[in-house]
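Contents: one structure, followed by commentary.
Laboratory data are not the source of any read-out in this text; all were calculated from the coordinates shown. Quantities reported herein were computed from a predicted structural model and do not represent experimental measurements. Glycine also receives a Cβ, built like all others from the backbone with ideal geometry; neighbour counts cover every protein chain displayed.
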Amino acid sequence: MTTRALTDPQALRDLIESRLFAFPKRHFLASQDLDPPDILALLDLADAFVDLNRQTTKKLDILKGRTQVNLFFENSTRTMSSFELAGKRLGADTVNMNPRTSSVAKGETLIDTAVTLNAMKPDLLVVRHSASGAAELLAQKVGCSVVNAGDGQHQHPTQALLDMLSIRRAFGHVDSLTVAICGDVGHSRVARSNVILLNAMGANVRLVGPPTLIPSDADQWGVEVYHDMREGIAGVDVVMMLRLQLERMDGAFIPSAREYFRFYGLDREKLSVASPNVRVMHPGPMNRGVEIDSEIADDLSVSLIQDQVEMGVAARMAVLASLAARLEA
Amino acid sequence: MLKQTQPIALVNARLIDPESNYDGPGSLIVADGVITQVIHSAHLPSGSSDLKVIDCDGHVLAPGLIDLRVKTGEPGAEPKETLKSASLAAAAGGVTSMVVQPDTDPVIDEPAMVDFILRRARDIELVHVYPAGAATKGHNGKKMAEIGLMHDAGAVYFTDVEHPIVNSKTLQRVLSYANGFNALVAHRPKEPWLSEGAVATSGEMASRMGLSGVSALAERIALERDLALVELTGARLLVDQITTHESVSAIKRARARGLEVFASASINHLVFNEYDIGDYRTFYRLDPPLRSENDRLALTDALADGVIDVVVSNHSPAPAEDKRLPFSEATAGAIGLQTLLPALIGLHHDRNIPLIDLLRTVTSNPANLIGLAAGRLSVGAPADLVLVDIDAPFSLREKDILSKSKNSPFENRTLQGKVELTLVDGRIVYQNN
């Protein structure tokens, strides 16, 4: 949206102010919580936060007095620090909790943890959990807004939002682009969230991977399914690679890492059939030499992978700010 | 492979080509290893010259046989059989392409092993040898083998041979993963617990002989699961040997539901029945065991009806030390490369099954299943041919057996149908006398 970065701090603050809006729901649990106008509004707001984050003084007071708890049952350095920075830059008091190593180990259930936390009166609760539906369950039990930062194999909606932001900033638009999501779609919450947002934004979505890693009913998701990577990425504008968990490479879902790289690893040769302006994305962390060749990952003329990390903070700031705006309304 | 030097004309033959459904007089011209002319007349058009002419004397000239299930001992058990000795037996039996099984030592479960077999066969320069690859690593039934890389290296299908994949989830993943490469999976319908320790089909015969038996139904139990997994995955499956009338019905039902299921049968189960084990002769100790005469007749009917797509020799060499043992201690299996064609022709004579339908199961059907250009008499196809005198009777003597292991159940039996000439890529690899 912004073509030229605003450098005047006051003008930037006014711009952010003018783009602030109330999130359409109390919680952000899944991509389908957003309708296309909401997505556009969030992306516009996030664009302004990108400019803010590139200034020396990055601090605002939109969330001043608010308490944000980052509750990560599953380890994730990059997502947790992204949410923590987003909250801090908006002026919130942020607390990180990693219950895997504390009370859960002592036998506390998810609902007990929720009730305990709720008594501490947080305003925003950012949750990551290894079980699908965990964020939804927590949302039913607490009085604050819940942001799903990844629940099992279900969804990771802020990742999809930051991916939309990265794509829109690279191409100027998302609609009518063809996006191939490649790899372990079956176990990927990132893929599920992205398919929904990309479809809502009017992109053409393809899923590429071996049949053991693509759900058998994926053809009903409004996507085209390919098992041959060269066919799947032919002419596409964006190749979105997914991380393959190491434990899935040893014969259960695919025979070996070397076979996976040969048929589904992204290298120069396979990428040559994509559009000449193709951009490559990866939610990280990458398995170099398994799903992606370093030559591609590190080539800044095609790789958006570093941008994605930067956009992550801005997109999460947009989500947190608009959820807080709703709390006030 | 060495290419032939001089063009050959095979004249005055009875051509049988299941692919084009032609059974009638004809001649073929072969040059540079391929069929260059198919003439539906016993004689050449005038003006043909510079050809080495072979008069077929009215005998049957058909595509060379493609045997989808052959075991040798190479690598790992060369005293049993080598790729060379099996190739010699194949050539003498009119088999011009054979698919060797991956249950060797080491198991063919990675692309370098596939390449090893292909290079050995190229050096031997007799018949075409294609490896099948393992479906799971070391046939362990747990972890998928490198199906994609082996497929690229030249493995023609994937199987765990005599080790059925017990874990249904593993088989489901093997089927759907292979399907992504359009690779064919073969799987034996063998219920492992019911089959444990059994050396015969349970019934009056096995009881009387005091042999531990397995019910013929055990095959169907395993088969029905495999068919359900085919339905679940939408993959193709070659059912590796059916032997009972129950299995024939199950295959028919699966096809009626639209499943892409193919079925093979071994020549042994089409020719012999459980009474052949009567004098404890271990050459009839087979796996799956020989079945009742009812089952055998149902199989021959299924063959005539096209329910059975492929007939295999299930060539399984076992040396004397593995067979000169009490029946239940002997190694299962029989050799069959040299007798596959005469035994099939026997079914034509005994059961009146049209020769063209019998030949279809060892030529065009297996060729189409694994994607070979051979197996048909058409211009441009490899000149892999067999000339056979279908009426000539003979008796197989031990000294005539070219395999290193001599465990043939056809030994000293009268067979009808003598291979006169075998060509591979236009080269003569076997000639009678």
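Numbers at a glance
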{"item": "B:ARG257-B:SER168 pseudo-label distance in nm [points 7 Å out on the Cα-to-Cβ vector]", "result": "1.2"}
{"item": "Assigned charges on the beta-carbon of Lys, Arg, Asp, Glu; the protein assembly as shown dipole about Cα centre (debye)", "result": "1740"}
{"item": "Pairs of lysines in the range B:63-370 (C-alpha under 26 Å apart; 8 or more residues apart or interchain)", "result": "21"}
{"item": "Global form of chain A, assessed from the alpha-carbon gyration tensor, a/c cut-off 1.5", "result": "oblate"}
{"item": "A:PHE171 versus B:SER249: modelled label distance in nm, points set 7 Å from Cα along the beta carbon direction", "result": "5.7"}
{"item": "C-alpha center-to-center spacing [the range B:261-324, the range A:56-86] in angstrom", "result": "71"}
{"item": "Over the range B:63-370, relative contact order from alpha-carbon pairs under 8 Å, at least 6 apart, %", "result": "17"}
{"item": "Mean separation of Cα contacts under 8 Å, 6 or more apart, over the residue count of chain A: relative contact order %", "result": "20"}
{"item": "Residue-averaged 222 nm ellipticity for chain B, from DSSP H runs of 4+ at -39500 (n - 2.57), nearest 500", "result": "-8500 deg cm²/dmol"}
{"item": "Scattering curve values for the range B:362-422, log₁₀ I(q)/I(0), Debye with Cα scatterers, q = 0.27 Å⁻¹", "result": "-1.03"}
{"item": "Average other protein chain Cβ within 10 Å of Cβ, residues B:167-173", "result": "2"}
{"item": "Kirkwood hydrodynamic radius (C-alpha pairs) into Stokes-Einstein, the range B:63-370, 25 °C and 0.890 mPa s, D in µm²/s", "result": "127"}
{"item": "Enclosed volume per residue, in Å³, of the convex hull spanned by Cα atoms of the range B:59-130", "result": "81"}
{"item": "Of B:ALA153, B:VAL95, A:LEU137, farthest towards positive along the dipole that unit charges on Lys, Arg, Asp, Glu beta carbons give the protein assembly as shown", "result": "A:LEU137"}
{"item": "Value at 222 nm in deg cm²/dmol, rounded to 500, when DSSP H runs of n ≥ 4 in chain A each add -39,500 (n - 2.57)", "result": "-12000 deg cm²/dmol"}
{"item": "Debye log10 I(q)/I(0) at q = 0.12, 0.18, 0.20, 0.21 Å⁻¹ for the range B:288-433, Cα point scatterers", "result": "-0.58, -1.27, -1.46, -1.51"}
{"item": "The range B:227-270: C-alpha gyration tensor shape, a/c 1.5 cut-off, then a/b vs b/c", "result": "prolate"}
{"item": "The range A:194-244-the range B:129-185 distance, computed between alpha-carbon centres (Å)", "result": "26"}
{"item": "Whole-number Å³ per residue for the convex hull built on Cα positions in the protein assembly as shown", "result": "186"}
{"item": "Ratio of Rg to Rh over the range A:1-148 (Cα coordinates, Kirkwood Rh, two decimals)", "result": "1.00"}
{"item": "Principal-axis tilt of helix A:36-53 within chain A, Cα atoms, nearest 10 degrees", "result": "80"}
{"item": "Whole-angstrom gap from the range B:11-66 to the range A:116-191, using each part's C-alpha centre", "result": "69"}
{"item": "Neighbouring partner chain Cβ atoms per residue of A:244-252, average, 10 Å criterion", "result": "2"}
{"item": "Nearest-20 debye value, the range B:63-370 charge dipole, Cβ charges on Lys, Arg, Asp, Glu", "result": "400"}
{"item": "Angle in degrees between helix A:110-119 and the longest Cα principal axis of chain A, rounded to the nearest 10", "result": "30"}
{"item": "Normalised contact order of the range A:1-95, rounded percent, pairs of Cα under 8 Å and 6 or more residues apart", "result": "28"}
{"item": "Cross-link reach list, lysines versus A:LYS64, counting only Cα pairs under 17 Å and skipping chain neighbours closer than eight places", "result": "A:LYS88, A:LYS121"}
{"item": "FRET E, pair B:SER46, B:ASN352, Förster distance 45 Å, beta-carbon r, rounded to 0.05", "result": "0.70"}
{"item": "Rounded to the nearest 20 debye, dipole of the range B:207-326 from Cβ charges on Lys, Arg, Asp, Glu", "result": "80"}
{"item": "For A:203-214, mean number of other protein chain Cβ atoms within 10 Å", "result": "3"}
{"item": "Cβ-defined net charge surrounding B:GLY258, 15 Å radius [Lys, Arg +1; Asp, Glu -1]", "result": "+3"}
